[in-house]
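This report concerns only the one structure given below.
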Amino acid sequence: MTLYIDPPTWPGHGRLWSHLVSDVSFEELHAFAAEIGCPPRAFERDHYDVPEAHYADAVRAGAREVGSKELVRRLTAAGLRRPKGRPAPAGRPSGP
């Protein structure tokens, strides 16, 4: 299992957020997110938004800490990147 999380530096709703991604599959990502208690509503296109308070939980469960640029690079290299306004690639599920 290879999951990655960037530092909680993204502001929103009065908190800081991280992004949790897989470089293998969305199935792996959804399973890991469920294991650490991320609700399905936290999934956005190609990642889960993880509040700062749960960052350490994700790391303890096995997510590898990487910078935001590295996270996007790995997601793109895996063919799992879904920028806003683009449809999901054929054969890829769109959500949990």
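The values are calculated or read from the model by the stated rules, or taken from the named source; none is laboratory data. All values reported here derive from a predicted model rather than from experimental measurement. So basically every Cβ, Gly included, is an ideal-geometry build from the backbone, and we count neighbours across all protein chains shown. For accessibility, only protein heavy atoms count, side chains too; no ligands or nucleic acids. Shrake-Rupley method; radii C 1.70, N 1.55, O 1.52, S 1.80 Å.
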- [ ] Would you mind working out the accessible area per residue for segment 1-64, using a 1.4 Å probe, and quoting it in Å²?
- [x] 51
- [ ] Any chance you could look up the accessible area of Leu71 with a 1.4 Å probe, heavy atoms only, rounded to 10 Å²?
- [x] 10
TODO: Taking the Cα centre of segment 1-82 as origin, sum charge times position over the Cβ atoms of Lys and Arg (+1) and Asp and Glu (-1), and report the length of that vector in debye to the nearest 20.
DONE: 220
Task: Folded to 0 to 90 degrees: helix 26-35 orientation relative to the chain principal axis, Cα - done: 20
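Given a Förster radius of 30 Å and the C-beta distance between His13 and Val59 as r, what FRET efficiency does 1/(1 + (r/R0)^6) yield to the nearest 0.05? Don't jump to the answer; show the numbers that get you there.
Values: r = 22 Å, r/R0 = 0.73.
Efficiency for this residue pair is about 0.85.
Tell me what the chain gives for mean residue ellipticity at 222 nm when only DSSP H runs of n ≥ 4 count, each as -39,500 (n - 2.57), the sum divided by the residue total, rounded to 500 deg cm²/dmol. Mind showing how you got there, number by number?
Working: 3 runs with 26 residues, N = 96.
Only helices count here, giving -7500 deg cm²/dmol.
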Task: Accessible-area value, Thr2, 1.4 Å probe, nucleic acids and ligands omitted, Å² - done: 40
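How many Å³ per residue does the convex hull of the Cα positions in the chain occupy?
On the way: hull volume 8.9 nm³, N = 96.
Normalising the Cα hull of the chain by residue number yields 93 Å³.
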TODO: Heavy atoms only, probe 1.4 Å: what % of the accessible area of the chain goes to carbon and sulfur, would you let me know?
DONE: 54
Open item on the list: Keeping all protein chains in the complex and leaving out DNA, RNA and ligands, what accessible area do you get for Asp23 with a 1.4 Å probe, in Å² to the nearest 10?
Closed with: 50
